[in-house]
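Chemist: I'd like to ask you about the structure that follows.
The values are calculated or read from the model by the stated rules, or taken from the named source; none is laboratory data. Since the model is a prediction, treat every value here as computed from it, not as a measurement. Glycine also receives a Cβ, built like all others from the backbone with ideal geometry; neighbour counts cover every protein chain displayed. With ligands, DNA and RNA removed, areas are computed over all heavy atoms of the protein, side chains included. Shrake-Rupley method; radii C 1.70, N 1.55, O 1.52, S 1.80 Å.
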Amino acid sequence: MTDELPELGQGNAYYQVLGGGRFRSTIHAQGAWNAHEQHMAPASGLLADVLERHQPRTGMRMARLSYEILGLIPGGDFHIETTILRPGRTIELLQAVLVANGRTAIRATAWRMATSDTSAVAAIEDAPIPGPDDCKPYDGAAVWPGGFIRSLEMRVAEGHRPGAGKVWLRTAHPLTDQDDSGDLARLMGLVDTANGIAARVPPGPDSYAFPNLDLQIHMYRRPAGEWLGLDNAVSFGRDGIGLTSTVLHDLQGPFGRAEQILTLRQT
């Protein structure tokens, strides 16, 4: 893979659907670390969309999504292969792999679980955060480059600082040019942004790069709507490894958590 810009799709969506499991990224999916790569956020949303559509079953939902980032995610054309790794009556494990330039760039797995009425014992310990109407506009593109960051509307709560913050995100761009993705896929396509909303150090020269190698999402409730809230904390260890931990919110309140392991590299 060279640093030359790939041939990108056109239009307002993050991806063009080419058929047969093939897709083409647009400028809106462009990454922040390199101009010729995709941002992990919309790619993870697309993988969530593909997994949710794969042999869907009534009375079941995805409760955990696990993404392994196996290298740079090239922009342009790619395809996704989806399988069921572990079939089951009440629990299934699904897998989707994103393959670009002959190489698997992302491997995603999802536990799909049977649902039941447990409202009698339902309880959530995660604290709510101020809603987007109570937050101020935030220009993420002033901190991070790339088409994906420019595609977002962001709002930030009081107390935002390097290493911790509360931010709301939404996008006016559909996930694909079919414009038929559900709320889950659209919101999952924003979660990876958590690693950049309250960076401990500024990105760029004479600092540190801190890309994440994975994205783990656990959901005790199915999210809905267009706004994603991130209650975020970033920890840097002493041996070149960090962790971004986030409580995930929609307008109804907390619905799950995300974790991202980081590799710290001096720039």
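Chemist: So for segment 71-88 (the condition being of a type outside the set (Phe, Trp, Tyr), farther than 16 Å from His39 by Cβ and assigned to a loop (DSSP other than H, G, I, E, B)), does at least one residue qualify?
Modeler: Among the residues of segment 71-88, at least one is of a type outside the set (Phe, Trp, Tyr), farther than 16 Å from His39 by Cβ and assigned to a loop (DSSP other than H, G, I, E, B), which makes the answer yes.
Chemist: Here's another thing I want to ask about it. If I ask for residues that are more than 22 Å from Tyr15 (Cα to Cα) and either at pLDDT below 95 or under 18 Å from the mean Cα position of the chain (by Cα) (or both), which ones from segment 62-88 would you list?
Modeler: Listed by number, the residues that qualify are Met62, Ala63, Arg64.
Chemist: Residues in segment 13-39 that are aromatic (Phe, Trp, Tyr), open to solvent by less than 30 Å² (accessible area, probe 1.4 Å) and assigned to a loop (DSSP other than H, G, I, E, B): how many?
Modeler: Final tally of qualifying residues: 1.
Chemist: Let me ask another. Pairs, please: C-beta under 7 Å, at least 6 apart or cross-chain, first residue closer than 24 Å to Arg24 by Cα and aliphatic (A, V, I, L, M) and in segment 158-178, second modelled with pLDDT of 95 or more and assigned to a loop (DSSP other than H, G, I, E, B)?
Modeler: What qualifies is Leu175/Ala13; Leu175/Tyr14; Leu175/Ser181.
Chemist: What pairs come up if the first residue lies in segment 16-39 and is under 14 Å from Pro74 (Cβ atoms) and among the basic types (Lys, Arg), the second is open to solvent by less than 50 Å² (accessible area, probe 1.4 Å) and at pLDDT below 95, and their beta carbons are under 6 Å apart, counting only those six or more places apart or on different chains?
Modeler: Arg24/Gly9
Chemist: Among the residues of segment 133-168, count how many are exposed (fewer than 14 other Cβ atoms within 10 Å of the Cβ), at pLDDT 95 or above and acidic (Asp, Glu).
Modeler: 3
Chemist: Go through segment 180-191 residue by residue and tally those that are touching a strand residue (DSSP E or B) at 6+ places or on another chain (Cβ under 6 Å) and open to solvent by 10 Å² or more (accessible area, probe 1.4 Å).
Modeler: Number of matching residues: 0.
Chemist: For Leu46, all conditions in the list (1) outside any strand (DSSP E or B); (2) without any contact (Cβ under 8 Å) to a residue 60 or more places away in the chain hold save one; what is the number of the exception?
Modeler: Going through (1) outside any strand (DSSP E or B); (2) without any contact (Cβ under 8 Å) to a residue 60 or more places away in the chain one by one, Leu46 breaks only (2).
Chemist: Here's a follow-up. Report, by residue number, each residue of segment 183-212 that is under 10 Å from the mean Cα position of the chain (by Cα) and either part of a strand (DSSP E or B) or among the hydrophobic types (A, V, I, L, M, F, W, C) (or both).
Modeler: Ala185, Leu187, Met188, Leu190, Val191, Ala194
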